[in-house]
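Worksheet: one structure, shown below.
The values are calculated or read from the model by the stated rules, or taken from the named source; none is laboratory data. The model shown is predicted, which means the values in this text are computed figures rather than measured ones. Because the Cβ atoms are built from the backbone with ideal geometry, glycine has one as well, and the counts that use them run over all protein chains shown.
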Amino acid sequence: MATRKVTITLDEAQLDQIRSLVQARTAPSVSGFVQHAVSVALDDVAGWGAMLAEALRRTGGALSDDERAWADDVLGANSRPAA
């Protein structure tokens, strides 16, 4: 698998925790930890996407604008910072 070096910004406390895991040999490296975390997150998104698609299929199709607004409100989607 090809890899590419990128720059990311992490919360200092999170970076300290990752470095502690590396020092304790629980994680292979900071990069290795981040690569694993991204892989897990991508699998999680794919799983939730598949589950949502199946639920929508069983309940009659795509969300209405009102349903989407309600879900965004419940999930706090409107308060998330922009990527």
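Observations on the model:
- Answer residue from the stretch 29-71, given it is within 30 Å of Thr3 (Cα to Cα) and among the hydroxyl-bearing types (Ser, Thr, Tyr) and is surrounded by the most Cβ atoms within 10 Å (Cβ to Cβ) among those: Ser31
- Candidates in the stretch 72-83 are the residues that are under 18 Å from the mean Cα position of the chain (by Cα) and surrounded by 10 or more Cβ atoms within 10 Å (Cβ to Cβ); of these, the one that is modelled with the lowest pLDDT is Ala77.
- Among the residues of the stretch 28-60, the ones that are over 17 Å from the mean Cα position of the chain (by Cα), of a type outside the set (A, V, I, L, M) and under 30 Å from Asp11 (Cα atoms) come to 2 in all.
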